Amino acid sequence: MLTDSPQPLSIIYQDTDLVAINKPSGLLVHRSPIDKRETRFAVQELRNQLGQHVYPLHRLDKPTSGVLVFALSSEAASFYSEQFREHQIHKTYLALVRGYGPELMTIDHALRDEADEYAGISSGGDAKDALTHVKCLQKFEILLAVDRYATTRLSLMQCEPVSGRKHQIRRHLKHIGHPIVGDTRHGKGILNRACEGYFGAGRLWLACTQMVLTKRDGSKFAITAPLAADFEQLLTQFGS
């Protein structure tokens with residue numbers, strides 16, 4: 001989570017067109033009417049850090065950590081924004097979920113829009129196609145009693161969203177009965193609170209670890225972010 005004394009943003013990639021940071025959990029990408037009390041935003045902090053204007057190409061939820069990409073010019077923003085709009089970016093996430101997740105699965109489940117005041121989107125309407133590939137990387141069982149169970153089963157899942165619906169990974173994992181630990185909107189409160197006490201830390205355990213984009217010359221390149229220290233420490237507790 002964010003500390004009281006701001007640290008410089010961690011830049012993990014930069015060229016003449018783009019810059020990418022490893023966004024910490026708890027940092028908003030930009031100002032939002034939902035979090036009016038927040039004073040720190042990735043757009044402004046990166047702009048101040050680089051001393052130039054930056055153009056956010058996509059968003060990560062406030063509690064999600066990992067790869068966040070910005071363009072460094074309006075021309076680059078126009079070029080790369082098209083790839084995001086057309087879902088041509090290959091994205092990889094890691095998520096800690098409740099239960100033993102499927103070894104390999106494609107979740108094909110249409111989603112209705114969730115309200116997004118900043119983007120001018122209201123909730124409801126027709127459900128839109130949404131596809132996420134998931135893979136179980138590791139399974140854990142910890143001595144944590146929740147509800148009527150003496151132990152708690154968890155899985156580390158690799159998630160690759162093909163479409164880009166709001167909260168897609170969070171909603172898809174909930175749909176198959178494996179909500180992300182720490183998800184206050186789509187998860188299970190009693191599990192979240194129990195895990196926060198057990199881990200000694202609480203947040204949405206979801207991180208974007210890699211994005212593959214296409215340069216102007218047609219070549220593909222990957223931007224990779226290491227897991228945040230709290231996520232690494234969490235997995236270390238499991239001997240992962």
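The values are calculated or read from the model by the stated rules, or taken from the named source; none is laboratory data. No experiment lies behind these values; they were computed from the predicted model shown. FYI the Cβ positions are ideal-geometry reconstructions off the backbone, even for glycines, and counts take in every protein chain you see.
Given the criterion in the same structural domain as S155 (by TED's automatic domain parsing), within 17 Å of Q210 (Cα to Cα) and surrounded by 15 or more Cβ atoms within 10 Å (Cβ to Cβ), identify the matching residue among A95, A20.
Matching residue, one of A95, A20: A95.
Any residue at all in segment 174-195 that is surrounded by 14 or more Cβ atoms within 10 Å (Cβ to Cβ), touching a Cys at 6+ places or on another chain (Cβ under 8 Å) and not small (G, A, S)?
Yes, segment 174-195 has at least one match.
List the residue pairs whose Cβ atoms are under 6 Å apart, where the first residue sits in segment 156-185 and is over 14 Å from T64 (Cβ atoms), the second is in a helix (DSSP H, G or I) and at pLDDT 95 or above, and the two are 6 or more positions apart or on different chains.
Once the first residue is over 14 Å from T64 (Cβ atoms) and sits in segment 156-185, its partners that are in a helix (DSSP H, G or I) and at pLDDT 95 or above give P179/L173.
Hey, among the residues in segment 186-202 that are farther than 14 Å from V97 by Cβ, assigned to a loop (DSSP other than H, G, I, E, B) and touching a helix residue (DSSP H, G or I) at 6+ places or on another chain (Cβ under 7 Å), which one's modelled with the lowest pLDDT?
This residue is A201.
If a residue has to be at pLDDT 90 or above, more than 18 Å from the chain's Cα centre (by Cα) and of a type outside the set (S, T, Y) to count, how many in segment 20-61 make the cut?
Selection size over segment 20-61: 11.
Here are some residues: L137, L227, L154, L213. Which one is part of a loop (DSSP other than H, G, I, E, B), touching a strand residue (DSSP E or B) at 6+ places or on another chain (Cβ under 7 Å) and at negative phi?
Going through L137, L227, L154, L213 in turn, the sole match is L227.
Which of the residues belonging to segment 70-90 are surrounded by fewer than 22 Cβ atoms within 10 Å (Cβ to Cβ) and within 23 Å of C159 (Cα to Cα)?
S81, E82, Q83, F84, R85, E86, H87, Q88, I89, H90
Does segment 51-59 contain at least one residue that is more than 22 Å from P161 (Cα to Cα), surrounded by 15 or more Cβ atoms within 10 Å (Cβ to Cβ) and out of contact with any Pro (no Cβ under 8 Å at 6 or more places or on another chain)?
yes
Please go through segment 99-115 and give me each residue that is more than 15 Å from I169 (Cα to Cα) and of a type in the set (D, E, K, R), ordered by number.
E103
Across segment 157-173, which residue is surrounded by the most Cβ atoms within 10 Å (Cβ to Cβ) among those that are part of a loop (DSSP other than H, G, I, E, B) and charged (D, E, K, R)?
That would be R165.
For segment 1-19: of the residues being assigned to a loop (DSSP other than H, G, I, E, B) and of a type in the set (V, I, T), which is modelled with the lowest pLDDT?
Looking at residues that are assigned to a loop (DSSP other than H, G, I, E, B) and of a type in the set (V, I, T), I get T3.
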